[in-house]
Amino acid sequence: MQPVRLALIGAGDRGNAYSRWALAHPDRARVVAVAEPDAERRERFARDHDIAPAAQHPGWAELLADPALDVDAVLIATQDSGHAAPAIAAARRGLHIMLEKPLAPTPEECVRIVDAVAEAGVMLAVCHVLRYAPYTRLVKSLLDGGAIGEVMSVQHHEPVGFWHQAHSFVRGNWRREDLSSFMLLAKSCHDIDWLQHVVGRDITRVSSFGGLRHFRPEHRPEGAADRCLDCAVEPGCPYSAPRLYRDRLARGDHGWPLSVVTPVFTEEALTAALREGPTGAACTPATTTWSTTRWWRWSSPAGSVRCSP
């Protein structure tokens, strides 16, 4: 059997993570085309996967419009707000799709994707990877086997570490809903999917409530600056970006989250990223407002679940 031929749309941290499986299993799959707007990331990915220059594209539209594209499926690992358009276009081209979660930020976009996939008759897989974790399979088998009886209620907690909150949801790619998706969807769609899968009943209602709390201008410490590298408070700040990323660089830990900050793992490159990029911004500049508290509850016909990310 020939390996599955794949195209990657979005060669960021998540796209690289999925594609490394193909490098480890070349008899099963090969990534033969890539679309990525960042030239450095695109070129590095192409070198790793030995992708021909003609199959390297700056965007998904160019990749899917290429008449020479010869793949079986696409991996779409763009930011949340960039899922719908390439997924619909890939379906219309007759390509199977593996789409990073969440499916899309709005119900309307989700429906459009599903309709395009159904009309084209292609496969769509959304990357709710927790379904395949060993502990999930064990819990699911125990519940399905009646080990604890009927599930009436679940108390579920999604802990977001203070540094993770700062990295992803204050400074990072999910810092603004209009650029990505709201935090409940971005962070807890895994949890909602996991709970529905494990409990085995459809969700009938979802509600969410929270508020703008910690990272606000009125909570800005005395002496704080708009960049961590310039901030007098930084040495003792729990959200210090230099400490978070430099510690990982010193340990040789080049995976997430450092890999999101800089593709080059040197002190000079990291300092430049902290000086110029969003991950070096202070958590409470004069105009920042962030939501850090959110509770949600969903109910099914025979029980309810409460979760706090």
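Tabulated data
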{"item": "Among the candidates Arg137, Arg131, residue that is in a helix (DSSP H, G or I), open to solvent by 70 Å² or more (accessible area, probe 1.4 Å), touching a residue at least 24 places away in the same chain (Cβ under 8 Å) and within 25 Å of Ile203 (Cα to Cα)", "result": "Arg131"}
{"item": "Residue selected from segment 56-71 under the condition closer than 15 Å to Gly15 by Cβ and either in contact (Cβ under 8 Å) with a residue 40 or more places away in the chain or part of a helix (DSSP H, G or I) (or both), by the criterion most open to solvent (accessible area, probe 1.4 Å)", "result": "Trp60"}
{"item": "Unique match (being among the β-branched types (Val, Ile, Thr), within 19 Å of Glu109 (Cβ to Cβ) and assigned to a strand (DSSP E or B)) among Val74, Val32", "result": "Val74"}
{"item": "Segment 221-263 - residue that is of a type in the set (A, V, I, L, M, F, W, C) and not in a helix (DSSP H, G or I) and, of those, most open to solvent (accessible area, probe 1.4 Å)", "result": "Trp256"}
{"item": "Condition check for Ala84: among the aliphatic types (A, V, I, L, M) and either open to solvent by 20 Å² or more (accessible area, probe 1.4 Å) or more than 25 Å from the chain's Cα centre (by Cα) (or both)", "result": "no"}
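Matching residues to (1) under 19 Å from Val129 (Cα atoms); (2) under 23 Å from the mean Cα position of the chain (by Cα); (3) in a loop (DSSP other than H, G, I, E, B); (4) of a type outside the set (Val, Ile, Thr):
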site: Leu143; (1), (2), (3), (4): no, no, no, yes
site: Val151; (1), (2), (3), (4): no, no, yes, no
site: Pro159; (1), (2), (3), (4): yes, yes, yes, yes
site: Ala166; (1), (2), (3), (4): no, yes, no, yes
site: Gly172; (1), (2), (3), (4): no, yes, yes, yes
site: Asp178; (1), (2), (3), (4): no, yes, no, yes
site: Lys187; (1), (2), (3), (4): yes, yes, no, yes
site: Leu195; (1), (2), (3), (4): yes, yes, no, yes
site: Val198; (1), (2), (3), (4): yes, yes, no, no
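The values are calculated or read from the model by the stated rules, or taken from the named source; none is laboratory data. No experiment lies behind these values; they were computed from the predicted model shown. Backbone-built Cβ (ideal geometry, glycine too); neighbour counts: all protein chains shown. To get the accessible areas, we keep the full protein, side chains included, count just its heavy atoms, and leave off ligands, DNA and RNA. Shrake-Rupley method; radii C 1.70, N 1.55, O 1.52, S 1.80 Å.
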